[in-house]
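*Asks:* Can you read through this structure? Questions will come right after.
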Amino acid sequence: MSSQPLVMIGAGGHAKVLHALAIALGRSIVGVCDPQLLHQGQSHWRGVPILGGDEALAQLDPAAVGLINGIGQLVGSFARQKIYVRLRQLGFKFPALVHPAAWVASTALLGDGVQIMAGAIVQPDCCIGQNSIINTHACIDHDCQIGEHVHIAPGATLCGAVLVGSSCFVGSGSTVIQGIRIGERAVVGAGVALVRDLKSGHMILGAAVRKYGAI
């Protein structure tokens, strides 16, 4: 599986980081699917052939290529999740990708399509659900359970035994203390120190964000 060629879905900022990750791993990206690039008339993206929009995937054999979900996860957007679910239903697989500059304990479990970026740490007995992102320099301590389609943003820290529900967003530089439970689709704002459980669908923002209304 490690030598299987890959196709990138999307070509934005998150895809750039994943492109660099694939290069660091020595993985081959044989094409990129992005409707906007197709409409712009471009033939290549970062040296990778543009195959077309999502319809180009119909010409690919799901058993012959793996996919990289290059769609970033933004607060309130489920585009990344929808694309992943649809393409998995078509038989495609998204290999878990771990940057060589990250550290992942041998007893950590990574679901299909998990992306571990440079400088991230995943400690023993953690479980990361499918299609989740552990972004640059995020730290996931022992026994954390992270659901599907979660984004742990750059520099966030989850202390031991934190439970994060599916489709959550944990913002940059935030800290979640040990044993906290975060419900599905909840949002932890950048820089927040979360010291109590957060219910499903709820959002907690840092003081600076609330003061200046930056969300």
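*Asks:* All but one of (1) within 27 Å of Arg185 (Cβ to Cβ); (2) out of contact with any Phe, Trp or Tyr (no Cβ under 6 Å at 6 or more places or on another chain) hold for Gly31; which doesn't?
*Replies:* For Gly31, the exception is condition (1).
*Asks:* For segment 53-71, enumerate the residues that are surrounded by 13 or more Cβ atoms within 10 Å (Cβ to Cβ) and not in a loop (DSSP other than H, G, I, E, B).
*Replies:* Scanning segment 53-71 gives Asp54, Ala56, Leu57, Gly66, Leu67, Ile68, Asn69.
*Asks:* Can you say whether Ile50 is part of a strand (DSSP E or B) and either of a type in the set (A, V, I, L, M) or buried (at least 16 other Cβ atoms within 10 Å of the Cβ) (or both), as far as the supplied structure shows? If you could, list the steps in order and put the result at the bottom.
*Replies:* Values: part of a strand (DSSP E or B): yes; either of a type in the set (A, V, I, L, M) or buried (at least 16 other Cβ atoms within 10 Å of the Cβ) (or both): yes.
Taking the combined requirement at face value, the residue satisfies it.
*Asks:* Please work out which one of (1) of a type in the set (A, V, I, L, M, F, W, C); (2) buried (at least 22 other Cβ atoms within 10 Å of the Cβ); (3) at pLDDT below 95 is the condition Leu205 fails and give its number.
*Replies:* The single condition Leu205 does not satisfy is (2).
*Asks:* Could you list all residues from segment 58-77 that are touching a His at 6+ places or on another chain (Cβ under 9 Å) and small (Gly, Ala, Ser)?
*Replies:* Gly70, Gly72 - these are the residues of segment 58-77 that are touching a His at 6+ places or on another chain (Cβ under 9 Å) and small (Gly, Ala, Ser).
*Asks:* Hey, another quick one. If a residue has to be within 23 Å of Leu74 (Cβ to Cβ) and hydroxyl-bearing (Ser, Thr, Tyr) to count, how many in segment 98-141 make the cut?
*Replies:* Qualifying residue count, segment 98-141: 2.
The values are calculated or read from the model by the stated rules, or taken from the named source; none is laboratory data. Note that the structure is a prediction, hence the values are computed from the model and not measured. Because the Cβ atoms are built from the backbone with ideal geometry, glycine has one as well, and the counts that use them run over all protein chains shown.
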